[in-house]
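Notes follow once the structure below has been shown.
The values are calculated or read from the model by the stated rules, or taken from the named source; none is laboratory data. The structure displayed is predicted, hence computed values, not measured ones. No Cβ is skipped: glycine too gets one built from the backbone with ideal geometry, and neighbour counts run over all protein chains shown.
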Ligand code: FDA
């Protein structure tokens, strides 16, 4: 079947980067009714409650404090403080016993930790990420470093390499739409290496990224094969039934145990499928974002799927 591509995707992804549109959309007062479908809330309490519910249903979580493209050091410091506070709040959470895999993870965006600050941005982001990694290690929580647009890929992978010297379980994300990613998968498929494989959510030029859905899916399958046949811990991040069944077949064929890989989906998307995979005996981790800077994240979700956009437009009309 033809892969459904949202014709408005380029426009929505451009809008995701527009501060002017962010102010307009934020003024619509959508937070409660529309944004809550993808974001459990703005407060730490709301994400702790959401995590508790997911854990109770047998799922794991990876929590992201929303924010990206930070332009001042104070904002990056505030992001670090938010993660440290979340890690303290998690100390009281009832975590399922008996799994070899930590049920709790935090996902970081280096651009929220200072990566794009002029001058020594990469060093600032590394120092900030180290602070979070130390607290996470002490709490038995995993850390993942998200992938952002392709101009940051080399810098992000360098920061992850540096973090892994002291914190070997730190994971990163590879995006199947980039031409380079199959090679990156090979480089990161060694023992202990945790990689989240996703299709990729940003608007990228043809010079660096596959443009058609078919090409991205073919790349995803090749990358999946490299990771699952490798020695690391693959994290299959997709809602696509075709990618999920490809992964199910590969893990069965390679004899991986349930603690040697996981599926991942976004909060609010394909809840029934998440539960089905848990019933089948797979680990499923739900990427759960919180905070008031939901605009960029929300717009990328709208760009992914015509149905998400229709849902948003319907809710505007029925307000
Ligand atoms: P895609 O959007 O192509 O959808 C394929 C099919 O999935 C659809 O045709 C439909 O069948 C099904 N489907 C999708 N949504 C559905 C819905 N709401 N209801 C029912 N069916 C639905 N990106 C990035 O650039 N950097 C990152 O760090 C991350 N991190 C990340 C973590 C996790 C856990 C996930 C799941 C995703 C990311 N992403 C990401 C986002 C990712 O790159 C990608 O944009 C989205 O996951 C959408 O791609 P899919 O693989 O889900 O398939």
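Filter the stretch 1-43 for residues that are assigned to a helix (DSSP H, G or I) and within 18 Å of the chain's Cα centre (by Cα); which is modelled with the highest pLDDT?
Let us first name the residues in the stretch 1-43 that are assigned to a helix (DSSP H, G or I), namely 9-15, 19-27, 35-37.
With within 18 Å of the chain's Cα centre (by Cα) added as a condition, the list becomes 13, 35-37.
Details: 13: 88, 35: 74, 36: 80, 37: 84.
Result: 13.
Restricting to the stretch 283-308, and then to whatever is outside any strand (DSSP E or B), within 14 Å of the ligand (Cβ to nearest atom) and over 15 Å from residue 201 (Cβ atoms), can you tell me which residue is modelled with the highest pLDDT?
My answer is 283.
Report, ordered by the first and then the second residue, all pairs with beta carbons closer than 7 Å, sequence separation of six or more or different chains, a first member in the stretch 168-179 that is under 11 Å from residue 223 (Cβ atoms), and a second member that is more than 10 Å from the ligand (Cβ to nearest atom) and part of a strand (DSSP E or B).
From the stretch 168-179, the pairs are 174/195; 177/209; 178/209.
Any idea which residue in the stretch 265-282 is farthest from the ligand (Cβ to nearest atom), counting only those that are over 16 Å from residue 146 (Cα atoms) and under 15 Å from the mean Cα position of the chain (by Cα)?
Filtering the stretch 265-282 for residues over 16 Å from residue 146 (Cα atoms) gives 268-282.
Then drop every residue that is not under 15 Å from the mean Cα position of the chain (by Cα), which leaves 268-269.
Working: 268: 8, 269: 4 Å.
Among them, the one singled out is 268.
Tally time: how many residues in the stretch 241-262 are within 9 Å of the ligand (Cβ to nearest atom) and crowded, with 17+ Cβ neighbours inside 10 Å?
Narrowing the stretch 241-262 to residues within 9 Å of the ligand (Cβ to nearest atom): 241-244.
Narrowing further to those that are crowded, with 17+ Cβ neighbours inside 10 Å: 243-244.
Residues flagged as within 9 Å of the ligand (Cβ to nearest atom) and crowded, with 17+ Cβ neighbours inside 10 Å within the stretch 241-262 amount to 2.
Just to be sure, is residue 274 at pLDDT 95 or above and part of a helix (DSSP H, G or I)? Before you say what the answer is, go through the steps one by one.
Numbers: at pLDDT 95 or above: yes; part of a helix (DSSP H, G or I): yes.
Yes: the conditions hold for residue 274.
Does residue 51 qualify as being modelled with pLDDT of 80 or more, closer than 20 Å to residue 274 by Cα and out of contact with any helix residue (DSSP H, G or I) (no Cβ under 6 Å at 6 or more places or on another chain)? Break it down into steps so the answer makes sense when it comes.
Values: modelled with pLDDT of 80 or more: yes; closer than 20 Å to residue 274 by Cα: yes; out of contact with any helix residue (DSSP H, G or I) (no Cβ under 6 Å at 6 or more places or on another chain): yes.
Here the answer is yes, as residue 51 does meet what is asked.
Pick out the one residue from 89, 82, 135, 127 that is surrounded by fewer than 24 Cβ atoms within 10 Å (Cβ to Cβ), touching a strand residue (DSSP E or B) at 6+ places or on another chain (Cβ under 6 Å) and part of a helix (DSSP H, G or I). First the steps, then the outcome.
On the way: 89 fails: touching a strand residue (DSSP E or B) at 6+ places or on another chain (Cβ under 6 Å); 135 fails: touching a strand residue (DSSP E or B) at 6+ places or on another chain (Cβ under 6 Å); 127 fails: touching a strand residue (DSSP E or B) at 6+ places or on another chain (Cβ under 6 Å).
Just one listed residue meets the conditions, 82.
Of the residues that sit in the stretch 114-145 and are within 14 Å of the ligand (Cβ to nearest atom) and in contact with a helix residue (DSSP H, G or I) (Cβ under 8 Å, 6 or more places away or on another chain), which one is farthest from residue 300 (Cα to Cα)? Even if it seems obvious, please write down each step before you answer.
Of the residues in the stretch 114-145, the ones within 14 Å of the ligand (Cβ to nearest atom) are 115, 142-145.
Filter once more, so that each one left must be in contact with a helix residue (DSSP H, G or I) (Cβ under 8 Å, 6 or more places away or on another chain): 115, 142-143, 145.
On the way: 115: 21, 142: 25, 143: 23, 145: 18 Å.
Within the stretch 114-145, the match that is farthest from residue 300 (Cα to Cα) is 142.
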